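**Student:** Quick one: the structure is below, and I'll ask about it shortly.
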Amino acid sequence: MIRTLLFALFLAACAGPEVRVAPFRARPDATDAGDLRGPFTGKVLDATTRTPVAGALVYAAWSFQSGAGLQSAAGAHEFVGSTDATGAYTVPILAHVPKDTRLVDFELLVYKRGFVAYRSDRRFADLGPRMDFAQHDNQVLLERWRDDYSHARHLRYVGGGAAVAALTGWEADEAAAEMSGAPKRPGSMGTDLTVTTGRGPYIVAAQLLSEADIKAQTKYDGSFETGPLGDEPDTTSYSSQHFKALGRGETYDVALRMWRLDPGAAQTRYEELLGSLPSAQENNAIASRSLIAAEGDIRGVAFFDGQRGIVVLLTCGKNQCATDESAAALAQKIYDRIQSLWATPGSKP
């Protein structure tokens, strides 16, 4: 009888509590342990400029085990989100732990093209354990990618997961080329400038216009929140950037949409804008073709770059862009930036 009771107590001790004690702190300035179940909050910043990184993938995974004594993996639960315009992220609390399992681990991954990924459990530089992760108010400093880094090593560090694989597919191509001994292509990941499709550099909208560019043109003395627009996610063919004026109405906002397509499809997209934008009139002052448009208090400028297969639509509130010429000047800055990022035969460096 005593032997049976001792054995039962042994099995209960091996089974342990439903949730393992977290290996990270509740907050950066706290000594008490966090909760593996969450919720989790933090902010993602560029390690160089300390500016928010918007639109970064936030991938979280909880791992479970089952059995007593000799335990075995019992599945996982995933969460996929992204950082907002201020670089903030929130991972909601795990609703429940599956029956007859124990929650044993939590991992957070932050991934943004142009940066070294962040993992809550280990560092990229030496693959050593990360000791500064916290459940709440966590600060993620993303290091900018350098051409001497290895894509193959980076992918091993990043790990798996369907959402992660979908976003890192382009980098797998770079890793394969690297493993085959092909020469490294400069700028293959740095500052979001990548070569992946055979149609020239992969340019995103955030590269093409800055807060400083806007202020230099419009003399605006306020501040902006920046990040992608909410109409549709960034893809290999579409990218956006929104400059939302803090404490002001939308007539102070600026927005940029960019399509990167085959030249024929890009021309079709431009024709669609020409036919659908209110009061659109072609003036062909920028790139291959361009137009100006207006609706209420919003001005618009669009242009088509036939060499690169790029279409850009800039919208600017009339309190920010007082004249069509002011909006067109911002569009010209965008086109100049495209030319500097993606040289073509016969174009000026």
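The values are calculated or read from the model by the stated rules, or taken from the named source; none is laboratory data. The structure presented is a predicted model; accordingly, all values stated were derived computationally and were not measured. Here the Cβ positions follow ideal geometry from the backbone for every residue, glycine too, while neighbour counts run over all protein chains shown.
**Student:** Looking at R289, R299, R308, R269, which one is closer than 24 Å to A85 by Cβ and charged (D, E, K, R)?
**Tutor:** Working: R289 fails: closer than 24 Å to A85 by Cβ; R308 fails: closer than 24 Å to A85 by Cβ; R269 fails: closer than 24 Å to A85 by Cβ.
Only one candidate passes the filter, namely R299.
**Student:** So which residues in the stretch 330-349 are of a type in the set (D, E, K, R), assigned by TED's automatic domain parsing to the domain that holds A206 and either within 16 Å of G309 (Cα to Cα) or at pLDDT below 65 (or both)?
**Tutor:** D336, R337 - these are the residues of the stretch 330-349 that are of a type in the set (D, E, K, R), assigned by TED's automatic domain parsing to the domain that holds A206 and either within 16 Å of G309 (Cα to Cα) or at pLDDT below 65 (or both).
A quick yes/no check of all residues on (1) of a type in the set (A, V, I, L, M); (2) closer than 23 Å to H242 by Cα; (3) at pLDDT 95 or above:
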| site | (1), (2), (3) |
| --- | --- |
| L261 | yes, yes, no |
| E271 | no, no, yes |
| L274 | yes, yes, yes |
| I286 | yes, yes, yes |
| R289 | no, no, yes |
| E295 | no, yes, no |
| D305 | no, yes, yes |
| G309 | no, yes, no |
| C316 | no, yes, yes |
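For (1) part of a helix (DSSP H, G or I); (2) within 23 Å of D336 (Cβ to Cβ), each residue gets a yes or a no:
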{"position": "A265", "(1), (2)": "yes, no"}
{"position": "G275", "(1), (2)": "yes, no"}
{"position": "S290", "(1), (2)": "no, yes"}
{"position": "A294", "(1), (2)": "no, no"}
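**Student:** Residues to consider are G300, G247, G309; find the one that is under 25 Å from G55 (Cα atoms), surrounded by 21 or more Cβ atoms within 10 Å (Cβ to Cβ) and of a type in the set (G, A, S).
**Tutor:** Values: G247 fails: surrounded by 21 or more Cβ atoms within 10 Å (Cβ to Cβ); G309 fails: surrounded by 21 or more Cβ atoms within 10 Å (Cβ to Cβ).
Step by step, each of G300, G247, G309 is checked, and only G300 is under 25 Å from G55 (Cα atoms), surrounded by 21 or more Cβ atoms within 10 Å (Cβ to Cβ) and of a type in the set (G, A, S).
**Student:** Moving on. If you check L45, L11, L5, which single one turns out to be modelled with pLDDT of 85 or more and aliphatic (A, V, I, L, M)?
**Tutor:** Result: L45 is the single residue among L45, L11, L5 that is modelled with pLDDT of 85 or more and aliphatic (A, V, I, L, M).
**Student:** Go through the stretch 113-146 and count every residue that is within 16 Å of T48 (Cα to Cα), in contact with a helix residue (DSSP H, G or I) (Cβ under 8 Å, 6 or more places away or on another chain) and of a type outside the set (A, V, I, L, M).
**Tutor:** 5
**Student:** Criterion first (small (G, A, S) and buried (at least 20 other Cβ atoms within 10 Å of the Cβ)) does A265 satisfy it?
**Tutor:** Answer is no for this residue.
**Student:** Just one of the numbered conditions (1) modelled with pLDDT of 90 or more; (2) touching a helix residue (DSSP H, G or I) at 6+ places or on another chain (Cβ under 7 Å); (3) not in a loop (DSSP other than H, G, I, E, B) is not true of F243; which one?
**Tutor:** (1)
**Student:** Does the stretch 14-34 hold any residues that are modelled with pLDDT of 90 or more and either farther than 28 Å from N138 by Cα or not in a loop (DSSP other than H, G, I, E, B) (or both), and which are they?
**Tutor:** Across the stretch 14-34, the qualifying residues are R25, A33.
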